[in-house]
């Protein structure tokens with residue numbers, strides 16, 4: 001965002017996927033003017049519950065559980081989105097320092113590019129960060145009794161790579177890249193699949209479903225992926241409404257961030 005002065009008090013959420021959307025949604029409901037920063041071609045899997053999807057629609061808007069995000073270019077468009085009661089989505093970090101900065105990209109292990117100077121309150125979600133060094137407060141992202149907990153010293157729990165259980169299924173729900181390369185979708189989100197169905201390809205190699213269910217998450221075509229990394233997931237419940245409902249994990253992380261903001265005594 002080239003011209004970014006005059007934004008006033010606002011909360012910046014870096015990462016517009018399902019977890020970032022849970023955070024942005026909660027802060028918006030708390031009265032904050034929220035600016036989400038994500039790529040023009042988002043890497044999110046569950047695009048039905050991702051504010052980053054606004055960049056992909058014809059009207060440049062996307063709503064999740066009653067809150068709308070609007071893709072904006074420039075300060076004036078951002079201010080208009082806020083005045084309309086929307087979350088603003090942009091593709092570049094603004095020059096104007098936010099009051100609250102939340103990093104929800106889950107990239108702390110690979111690229112912990114964060115510091116306390118970024119905002120009055122800096123919050124980081126997930127492993128790879130240290131409280132007091134990269135952020136003032138961390139929020140736990142691992143499922144379990146500490147999900148959404150605020151951490152003021154040390155780091156979050158190590159990444160387990162174990163997904164949440166759904167109808168007794170864990171690892172078989174995941175879709176992983178068979179090789180490094182470029183992903184091409186073969187099915188759309190919401191498609192019903194059985195074990196063995198090809199849902200996507202990576203440089204011609206198939207990505208197959210491992211169980212019967214509904215395709216709930218899948219990366220966009222044209223995105224680079226790495227061998228063995230998660231590129232999507234299948235939900236055995238086959239409920240299409242789940243495509244547009246935030247997960248309990250996203251809600252818990254959002255609640256944890258909102259609690260950190262309130263604990264710091266910051267108001268919109």
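Side notes on the structure shown:
- Pairs are defined by a Cβ separation below 9 Å, a sequence spacing of at least 6 or placement on different chains, a first member in segment 224-246 that is free of Cβ contacts under 8 Å to residues at least 60 places away in the same chain and on the phi > 0 side of the Ramachandran plot, and a second member that is assigned to a loop (DSSP other than H, G, I, E, B) and surrounded by 18 or more Cβ atoms within 10 Å (Cβ to Cβ); the pairs so defined are 228/177; 228/178.
- Residue under evaluation residue 255, criteria (1) out of contact with any strand residue (DSSP E or B) (no Cβ under 6 Å at 6 or more places or on another chain); (2) in a loop (DSSP other than H, G, I, E, B), criterion not met: (2)
- Yes/no for residue 6 being surrounded by fewer than 21 Cβ atoms within 10 Å (Cβ to Cβ), in contact (Cβ under 8 Å) with a residue 60 or more places away in the chain and in contact with a helix residue (DSSP H, G or I) (Cβ under 9 Å, 6 or more places away or on another chain): yes
- Listing of strands (runs of 3 or more DSSP E) fully contained in segment 178-249 that carry 3 or more residues being touching a helix residue (DSSP H, G or I) at 6+ places or on another chain (Cβ under 9 Å): 213-218, 230-235
- For segment 151-161, taking the residues that are surrounded by 17 or more Cβ atoms within 10 Å (Cβ to Cβ) and in contact with a strand residue (DSSP E or B) (Cβ under 6 Å, 6 or more places away or on another chain), the one that is farthest from residue 106 (Cα to Cα) is identified as 151.
- Of all the numbered requirements in (1) over 28 Å from residue 233 (Cβ atoms); (2) at pLDDT 95 or above, residue 55 misses one, and that requirement is (1).
- Residues that are touching a residue at least 40 places away in the same chain (Cβ under 8 Å) and more than 18 Å from the chain's Cα centre (by Cα) were ranked within segment 119-148; the one that is nearest to residue 249 (Cα to Cα) is 137.
- Residue-level check: of (1) within 26 Å of residue 232 (Cα to Cα); (2) in contact (Cβ under 8 Å) with a residue 12 or more places away in the chain; (3) surrounded by fewer than 24 Cβ atoms within 10 Å (Cβ to Cβ), residue 73 misses just (1).
- Among the strands (runs of 3 or more DSSP E) confined to segment 30-124, the ones with at least 2 residues that are over 14 Å from residue 11 (Cβ atoms) are located at 61-64, 67-71.
The values are calculated or read from the model by the stated rules, or taken from the named source; none is laboratory data. Note that this is a predicted model, so its numbers are computed, not measured. All Cβ positions, glycine included, derive from the backbone under ideal geometry; neighbour counts span all protein chains shown.
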